[in-house]
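The values are calculated or read from the model by the stated rules, or taken from the named source; none is laboratory data. Please read these numbers as outputs of a predicted model, since none were measured by experiment. Here Cβ is always computed from backbone atoms with ideal geometry, including for glycine, and neighbour counts include all displayed protein chains. Quick note on the areas: whole protein, heavy atoms, side chains included, nothing else; ligands and nucleic acids left out. Shrake-Rupley method; radii C 1.70, N 1.55, O 1.52, S 1.80 Å.
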Amino acid sequence: MPDQARSDLLARQAAYLEAIVNHLPHGISVFDEHLRLQYWNTQFIEVLELPPEAVTRGVSFDTLLMYPAQRGEYGPGDPVEQVAARRRLAEQFAPHRIERTRPNGRTHLVAGEPLLVDGQIAGFITTYIDITERKHIEEELARKNELLQSIMDNIPSGVSLISRDLQLLACNEELRRLLEFPPELFAEGLPTLETLFRFNVARGEYGPGDPEQIVADRLQRARSTTPHCFERIRPNGTALLVKGQPLPDGSFVTTYTDITARKRAEERIERLANHDPLTGLANRLSLDEYLRRVLAERRRDRARLAVLFLDLDHFKTINDSLGHHIGDELLIEVGRRLQANVRESDMVARLGGDEFVVVLGSVASDGGAAQAADKILACLSEPCAIGEHLLHTTPSIGISLFPDDGGDAAILLRNADTAMYHAKAQGRANFQFHSEELNHNAVQRLELERKLRRAVKEGEFELWFQPIFAAADLHLTSMEALVRWRHPQDGLIPPARFIAVAEETGLIVPLGQWVLEAACMQARRWLDAGLPALRIAVNLSARQLRSIDIVDSVAAALETNALPRGTLELELTESSVMERPEEAAALLTRLKELGVAVSIDDFGTGHSSLAYLKRFPLDHLKIDRSFVSEIERDASDAAIVAAAVSLAHNLGLSVIAEGVETAVQVERLRALGCDELQGYHFSTPLPADEVEALMRAAMAGEVPIGARPGSNLG
Ligand code: C2E
Ligand code: CA
Ligand code: CA
């Protein structure tokens with residue numbers, strides 16, 4: 001290439017290079033190894049604010065830097081020394097990157113690199129990138145972050161910010177405190193959400209369950225982008241209000257507020273609003289609410305409910321003489337006793353002073369309410385030990401019943417209140433129904449119950465016997481043992497007056513046991529006296545059948561008296577065997593194994609069919625008196641008896657007709673196929689010695705015709 005062409009090409013290349021360099025947004029300078037300027041661009045002149053005429057090829061580093069130095073750009077001090085210090089640095093030709101903000105406010109990233117030619121240092125190149133805007137943005141961001149953190153640190157809730165990919169972006173101190181995250185968890189910066197979940201699962205924060213499943217569930221939920229708000233009770237008992245809110249960029253901010261104190265306060269307010277502060281019982285407000293609710297239920301199921309209004313007798317005297325403190329203690333104890341003596345579903349409320357209300361949410365009868373009132377009367381009448389005092393107090397109780405005495409809460413309460421005043425007027429320590437009739441029933445019944453209890457304890461009972469005859473030839477086959485109560489003042493009381501109460505109170509169990517033993521003893525006596533071995537039928541109540549040891553009792557009575565098999569017969573009603581058919585069948589089987597005969601009493605008054613009774617191992621069927629008495633007049637009754645007899649015979653049972661009162665009945669029953677007959681036509685129930693005389697007469701071949709003299713109590 002000719003020299004001219006060569007130098008033209010070089011000039012062109014230099015021009016291109018200069019254009020490129022000047023086109024760059026950054027300032028560029030190249031000094032050679034002697035620190036003389038070789039290349040630069042206009043931005044370089046602008047950045048360092050150099051006088052353009054001073055910037056020429058070959059000008060030294062010192063000359064150029066003297067301009068900014070003299071302007072004080074490198075701080076106060078001697079500009080010559082400052083430049084010299086810079087040159088010493090430059091002479092090391094080490095790469096460097098610094099950020100420098102000039103007095104004019106602009107910030108540059110100044111980066112220097114050594115230039116190598118053939119492995120030898122040939123100078124260095126420096127670029128000046130204006131990062132002023134970026135710095136501003138960064139500073140603004142940092143400021144905002146600081147602000148955010150300070151806001152987060154100063155709000156009284158725990159806060160977490162979670163990114164779309166479930167990274168924890170930020171959280172505050174309160175969050176760590178509330179959720180009890182130990183510092184180790186944050187030792188290497190913010191943990192991931194999954195780490196936090198795993199940590200929580202491990203310490204049982206979310207309750208029991210498969211840990212992996214819980215973590216998966218939590219992560220799934222954390223991915224949700226809908227706002228949420230719920231309460232969480234931590235294992236340590238603190239209550240948290242957790243509120244989550246998605247942000248527009250897909251991140252999620254959650255706040256955790258400790259609402260334990262608020263919840264406690266709410267509970268306290270709730271308690272104060274609905275409970276009596278002294279006794280902790282319900283107050284008037286919750287009583288009204290409860291009554292409204294249960295009344296609606298009772299209206300629906302057409303059942304009864306009882307309201308008991310209680311007032312302590314002479315409470316004022318105790319309060320005035322011993323002081324309010326003792327009075328308060330007494331009220332608390334009364335509340336405790338009331339609560340302990342009603343069912344869970346009932347309600348005890350204190351209206352104020354010494355006035356209490358007990359609502360029996362469901363009662364079967366006025367008898368049930370009376371029993372409950374009696375129980376309350378008894379439990380409150382027990383002396384109370386308070387401090388060093390032994391206090392005796394009793395309540396006066398008024399009772400109103402729904403629906404009998406009123407249809408709404410206000411009327412029932414008012415009527416119970418009125419009844420309570422009657423109880424006070426009756427001499428306190430008692431209860432009164434609002435209705436006079438119920439009062440009468442209750443008094444009678446309770447009186448009877450008390451007397452009966454004593455009678456069982458004192459053994460005021462006797463056994464009477466009613467003979468039973470074979471229909472065919474009227475020979476004496478057996479007798480039914482029937483209990484009588486010989487009351488010291490009231491005389492002989494028939495079972496119709498007390499068996500029902502004995503059943504309700506459970507007294508029938510000890511009474512029935514006595515009957516069983518007395519009947520077996522009597523049978524032994526007659527055997528010993530040489531009288532014929534007759535069957536003796538004993539009535540067994542459903543309650544006795546249900547009592548666990550009935551088979552043992554029977555076995556013991558038979559054994560004690562060494563009674564031959566077939567001597568004892570037990571009479572059961574249809575309903576008592578139908579109550580729990582499987583158990584009854586098993587029981588009857590065991591009784592039969594003891595050689596006891598079993599008969600169904602009062603047949604026809606229940607609802608069972610004979611076909612159903614087939615499942616039980618039975619011996620006799622006793623057709624109820626009501627059919628027998630109608631047999632002469634009513635053809636359908638005769639048909640029923642005829643059907644029963646034929647069915648019974650098919651099942652291998654013999655039929656006994658009860659309540660036979662006339663000769664015509666005897667004829668009809670015999671014609672219908674009845675096997676045995678029992679009734680006043682032959683004999684009323686008789687005391688043991690009288691029935692013994694009858695047995696002797698029968699032995700002598702006498703056949704009873706017509707009613708025998710005797711005291712009929714049936
Ligand atoms: P029940 O088992 O049906 O007993 C027969 C009742 O009918 C007896 O009444 C008897 O006196 C009466 N009676 C007998 N023949 C005639 C008659 O020709 N005409 C009339 N009008 N009545 C007659 P009693 O002794 O008053 O017993 C009444 C009920 O008391 C018995 O009915 C039985 O259910 C129950 N009972 C009696 N003693 C006991 C007992 O020891 N245990 C149990 N659980 N219940 C008993
Ligand atoms: Ca009977
Ligand atoms: Ca009967």
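How far is helix 260-274 tilted, in degrees, relative to the longest principal axis of the Cα atoms in the chain, given as a value from 0 to 90 rounded to the nearest 10?
The two axes meet at around 30 degrees.
Sort 58-66, 652-660, 92-100 by packing, meaning the average of other beta carbons within 10 Å per residue, with the highest value first. Kindly include the intermediate steps, with their values, before the conclusion.
On the way: 58-66: 16.7, 652-660: 22.8, 92-100: 11.8.
In decreasing order of mean packing, 58-66, 652-660, 92-100 become 652-660, 58-66, 92-100.
Sequence neighbours fewer than 8 away in the same chain don't count; with that in mind, list the aspartates and glutamates whose C-alpha is under 18 Å from residue 424.
311, 313, 354, 355, 374, 436
Can you tell me the mean projection area, over all orientations, of the convex hull of region 1-104's alpha carbons? Units nm², please.
8.2 nm²
Which translational diffusion coefficient, to the nearest whole µm²/s, is obtained for region 431-562 from the Stokes-Einstein equation, given a Kirkwood hydrodynamic radius over C-alpha pairs, 10 °C and 1.306 mPa s?
Rounded, D is 95 µm²/s.
Contour minus end-to-end for residue 202 and residue 268, with contour as 0.36 nm per residue of separation and end-to-end as the Cα-Cα distance?
That works out to 20.4 nm of additional length.
Figure the gain on full extension for residue 289 and residue 700 (residue separation times 0.36 nm, minus the Cα-Cα span) and round it to one decimal in nm.
Details: separation 411, 0.36 × 411 = 147.96 nm, distance 7.71 nm.
Once the chain is fully extended between residue 289 and residue 700, it gains 140.2 nm.
For the pair residue 437 and residue 278, what calculated FRET efficiency results from E = 1/(1 + (r/R0)^6), where r is the Cβ-Cβ distance and R0 = 25 Å, to the nearest 0.05?
So the FRET efficiency works out to roughly 0.10.
How many nm separate the modelled label positions at residue 381 and residue 122, each set 7 Å beyond the Cα in the direction of the Cβ?
12.5 nm
For the chain, just the Cα atoms, rotate onto the principal axes and tell me the three extents in Å, largest first.
Largest first, the chain extends 174, 76, 47 Å along its Cα principal axes.
Suppose R0 equals 35 Å; then what is the FRET efficiency for residue 460 and residue 552 from their Cβ-Cβ distance, rounded to the nearest 0.05?
0.85
Check residue 430: other-chain or 5+ apart residues with amide H under 5 Å from its amide H, H built from backbone geometry?
Hits under the 5 Å cutoff: 397.
Compute the distance from the alpha-carbon center of region 369-434 to that of region 613-671, in whole Å.
With region 369-434 and region 613-671 each reduced to a Cα centre, they are spaced 51 Å.
Of the beta bridges DSSP finds with both residues in the chain, what % are antiparallel, to the nearest 5?
Of all bridge pairs located within the chain, approximately 75 percent are antiparallel.
Quick check: residue separation of residue 314 and residue 148 times 0.36 nm, minus the Cα distance between them. What number comes out in nm?
Contour length minus the Cα-Cα distance gives 52.8 nm.
Can you work out the FRET efficiency for the pair residue 344 and residue 141, with r the C-beta to C-beta distance and R0 = 60 Å, to the nearest 0.05? Could you put the intermediate results ahead of the total?
Working: r = 64 Å, r/R0 = 1.06.
Efficiency computed from Cβ-Cβ geometry: 0.40.
In sequence order, what are the phi-derived ³J(HN,Hα) couplings for region 467-484 according to the Karplus relation 6.51 cos²θ - 1.76 cosθ + 1.60 with θ = phi - 60°, rounded to whole Hz, with x for glycine and proline?
Once rounded to whole Hz, the list reads x, 10, 10, 6, 5, 5, 10, 6, 7, 6, 9, 6, 8, 9, 7, 10, 7, 9.
List the residues of region 519-553 whose backbone N lies under 20 Å from a point placed 7 Å from the Cα of residue 475 along the Cα-to-Cβ direction.
Zone members listed by number: 526-537.
Long-range amide H contacts for residue 24: which residues qualify at under 5 Å (H placed 1.01 Å from N, peptide plane, sequence gap of 5 or more or a different chain)?
Amide H neighbours of residue 24, under 5 Å, 5+ apart: none.
So the label point goes 7 Å from the Cα of residue 104 along Cα→C-beta, right? Which residues of region 29-70 then have their backbone N under 12 Å from it?
Residues 43-52, 68 qualify, since their backbone N sits under 12 Å from the label point.
Could you tell me which trypsin sites (Lys or Arg not before Pro) in region 269-307 are loop residues by DSSP with no more than 12 other beta carbons within 10 angstrom of their beta carbon?
Passing sites in region 269-307 are 302.
Between residue 605 and residue 60, how many nm apart are label points set 7 Å from Cα along the C-beta direction?
14.0 nm
Please list, in order along region 305-315, the HN-Hα scalar couplings obtained from phi with the Karplus expression 6.51 cos²θ - 1.76 cosθ + 1.60 (θ = phi - 60°), rounded to whole Hz, x for Gly and Pro.
Running phi through 6.51 cos²θ - 1.76 cosθ + 1.60 with θ = phi - 60° gives 9, 10, 10, 10, 9, 10, 9, 6, 7, 6, 5 Hz.
Taking a cut-off of 14 Å between Cα atoms, list the aspartates and glutamates near residue 263, but don't count ones fewer than 8 places away on the same chain.
Result set, ordered by chain and number: 231.
What are the ³J(HN,Hα) couplings of region 279-288, residue after residue, when phi is run through the Karplus curve with 6.51, -1.76, 1.60 and θ = phi - 60°? Round to Hz, x for glycine and proline.
Each residue's phi maps through the Karplus curve to give 9, x, 6, 4, 9, 3, 4, 6, 4, 4 Hz.
Name all residues of region 532-561 having a backbone nitrogen under 11 Å from the label point set 7 Å from the Cα of residue 521 along its Cα→Cβ direction, giving them as ranges.
Flagged as within label range: none.
Could you work out the relative contact order of region 3-70, using alpha carbon pairs under 8 angstrom and six or more residues apart, expressed as a whole percent?
Computed value for region 3-70: 23 percent relative contact order.
Given a 1.4 angstrom probe, I'd like the percentage of the accessible area of the chain that is carbon and sulfur, rounded to a whole number.
The value for the chain is 54 percent carbon and sulfur by accessible area.
Which value in deg cm²/dmol, rounded to the nearest 500, describes the helix-derived mean residue ellipticity at 222 nm for the chain, given -39,500 (n - 2.57) per DSSP H run of n ≥ 4 and division by the residue count?
-14500 deg cm²/dmol
List the lysines whose Cα lies under 20 Å from the Cα of residue 614, skipping any in the same chain that are fewer than 8 positions away.
Candidates past the 8-residue exclusion: 592, 622.
With a probe of 1.4 Å, find how much accessible area region 285-384 has per residue, and write the answer as a whole number in Å².
Ligands and nucleic acids excluded, the figure is 46 Å² per residue.
Using only the Cα atoms of region 287-363, what semi-axes does the equivalent ellipsoid have when each is the square root of 5 times a gyration tensor eigenvalue? Give whole Å, largest first.
Values for region 287-363, descending: 30, 11, 9 Å.
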